[in-house]
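These notes concern the structure reproduced below.
No value in this document is a laboratory result; all are computed from the given coordinates. Predicted model only: the values in this text are computed from it and were never measured. Counting neighbours? That spans all protein chains shown, and the Cβs are built from the backbone with ideal geometry, glycine included.
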Amino acid sequence: MVKRVGVTMVLSGLLACSVALPHPAAAAKKQTAKPATPVAKTFTYDEAVNEQMAKKLKIPVYFALPASARSTLPESIDITDKLVDFKHPDGKGAQGDVGLRLVVAKRAGMAKRLAKSGLIQTGDILLTFRSEWGGAGAYPNVQMGISHTGVAFVKDGTVYNIDNPLNPEYLGSDYKSQLTSEHYRTLSLIHIIRPRNLTDAERANISAWATRLTGSAKKVYPSQISFNDDYNAPKYVSGKPVNFVQQLGQIGLGQNPADKKVDMYCSEFAWSLLSLRQCDPATTATDFQGTRIPSCVKQPMEPMHATGDYVFKKSKASYSGLADGPLMVIDSMSLPNEKKTELVKGLFVNDPKKLEKMSPGHRDVAKAMQPRFERLETYYMGVVDGGWQQWRSRAMRLLFNRQVPDNYSPTSYLINTLLPPDNSNRTMDYVATVAIE
């Protein structure tokens with residue numbers, strides 16, 4: 001959605017030479033009294049820090065994630081930023097260990113530190129997370145506070161981002177944003193979602209495509225690729241060829257005719273770019289010149305129905321839906337029915353004061369979508385209540401799915417991580433959330 005809107009140490013040492021030096025014993029005492037802060041090595045839980053972060057984030061529990069969503073990380077992480085294992089207060093005593101991995105980071109030099117640590121790797125999905133959306137109304141709550149999707153690629157030890165719109169707001173004035181464009185400079189929170197089982201070759205391909213597209217962005221945007229502001233009109237159609245992915249490849253290769261255009265919203269662009277991960281632009285260029293979709297094009301995640309069947313079946317082949325995020329988080333906690341009912345009812349309450357914290361563009365969308373999303377309450381409540389009410393929810397699910405095209409919204413990448421780790425439809429893992437100070 002577019003409108004969302006060591007020199008100091010040297011100087012200190014030189015100044016110390018111009019004043020009376022302390023006694024060596026006193027200096028040694030002072031040094032032992034203030035040891036250097038150790039480098040954080042893993043995500044750790046601290047009750048006092050947890051309380052501080054809860055007050056800072058102020059998010060509803062369904063904006064957090066169960067531990068099952070998390071990717072496996074090394075035991076030791078080379079980064080100086082604080083790593084916090086945040087557990088949501090409303091999830092204490094519940095199953096699922098609901099919370100977030102927080103990388104509490106200073107903005108300066110962040111792109112290099114995140115690259116060095118491995119917490120962001122080429123191909124990772126970067127989700128703009130608006131914590132202030134929590135409790136604002138049905139639309140922002142169901143979206144779990146996610147407003148935008150970008151893709152990361154790492155070059156020369158630095159994280160770069162590529163986003164659609166391919167313009168300075170997202171790519172920076174030099175079109176080489178290292179999380180430093182206007183959009184990323186004004187963010188406080190970014191979820192990192194990692195596609196599963198990316199190989200080194202696939203990461204190299206993603207980086208190559210991203211480099212080509214950012215390098216030609218001034219030329220091809222918006223003349224050949226533009227922004228689709230209708231999230232309800234994806235290019236993907238079930239059972240049809242993904243010609244738009246082929247066209248994105250043609251644009252990256254300089255093969256697309258100047259008068260031929262494709263428009264994509266941010267998460268659609270990310271889905272398309274990841275679909276090119278098995279295509280080496282240096283060796284598969286001729287494959288993109290024909291009318292057939294190159295065989296190397298592979299979708300990274302099945303586009304979702306409006307609602308899924310996981311909350312009913314919970315099988316290894318079950319799938320999640322675009323509107324199922326908060327419901328799946330609540331379901332994972334195994335709370336008493338009265339507590340689940342309380343959370344669900346609160347999820348669909350519209351709060352005008354909190355709506356005012358949203359950007360004008362997102363606020364307008366939230367108000368327009370409120371009546372549609374309110375109808376989800378009956379579906380949610382049927383799942384929570386169980387019994388014969390579930391049959392009503394199942395019927396509503398079929399109706400929703402007929403009305404809404406299969407899609408890959410910004411939130412869909414996060415929702416995919418809510419499926420069990422051994423689910424056949426799960427292709428994404430949650431890595432962490434960067435909390436920028």
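Quick notes on this structure:
- Taking every DSSP helix (H) stretch of at least 4 residues in the chain, weighting each as -39,500 (n - 2.57) and dividing the sum by the residue count yields a mean residue ellipticity at 222 nm of -10500 deg cm²/dmol.
- Ranked by how many other beta carbons lie within 10 Å on average, peptides 374-386, 44-56 from highest: 374-386, 44-56
- Inter-part distance where region 217-249 and region 376-437 are each reduced to a Cα centre, Å: 25 Å
- Of Ser320, Ala366, Thr186, farthest towards positive along the dipole that unit charges on Lys, Arg, Asp, Glu beta carbons give the chain: Thr186
- 3J(HN,Hα) from dihedral phi, region 315-332, Karplus parametrisation 6.51/-1.76/1.60, rounded to Hz, x for glycine, proline: 9, 5, 9, 5, 10, 9, x, 4, 9, 8, x, x, 4, 5, 5, 4, 4, 5
- Each Lys or Arg adds one and each Asp or Glu subtracts one; over the other residues with Cβ under 12 Å from the Cβ of Thr214, this totals +3.
- Taken about its Cα centre, region 310-428 carries a charge dipole of about 160 debye when Lys and Arg each add +1 at the Cβ and Asp and Glu each add -1 at the Cβ.
- Restricted to Cα atoms, region 180-225 shows a radius of gyration and a Dmax of 14.1, 35 angstrom.
- Pairs of Cα atoms farther than 39 Å apart, the chain, %: 23 percent
- Antiparallel DSSP beta bridges within the chain, as percent of all bridges there, nearest 5: 75 percent
- All aspartates and glutamates inside 14 Å of Lys340 as judged from Cα atoms, apart from same-chain residues fewer than 8 positions distant: Asp90, Asp331, Glu377, Asp385
- Taking 0.36 nm per residue of sequence separation and removing the Cα-Cα distance, the Gln403/Ala368 pair yields an extension gain of 10.9 nm.
- Shape index of region 310-428: Rg/Rh, with Rg the Cα radius of gyration and Rh the Kirkwood radius from the inverse mean 1/r over Cα pairs, equals 0.96.
- Farthest towards the positive end of the charge dipole of the chain, among the residues Gly252, Thr214, Ser295, is the Cα of Thr214, using unit charges on the Cβ of Lys, Arg, Asp and Glu.
- Segment Arg196-Gln278, length gained on full extension (0.36 nm per residue, minus Cα span): 28.1 nm
- Net charge over other residues, Cβ less than 10 angstrom from the Cβ of Glu202 (K, R count +1; D, E count -1): +1
- Label-point gap, in nm, between Trp388 and Ser188 - each point 7 angstrom along Cα→Cβ: 4.7 nm
- Cut-off 12 Å, label 7 Å out along Cα→Cβ of Thr44, residues of region 61-101 by amide N: 82-85
- Between region 147-195 and region 253-307, the Cα center-to-center distance that results, in Å: 20 Å
- Simple Cβ-charge dipole of the chain, Lys/Arg +1 and Asp/Glu -1, about Cα centre, in debye nearest 20: 360 debye
- Reduced Cα scattering model of region 287-339, Debye log10 I(q)/I(0), q = 0.27 Å⁻¹: -1.07
- Among Ala69, Asn243, Ser393 - extreme Cα towards positive end, dipole of the chain, charges at beta-carbon: Ala69
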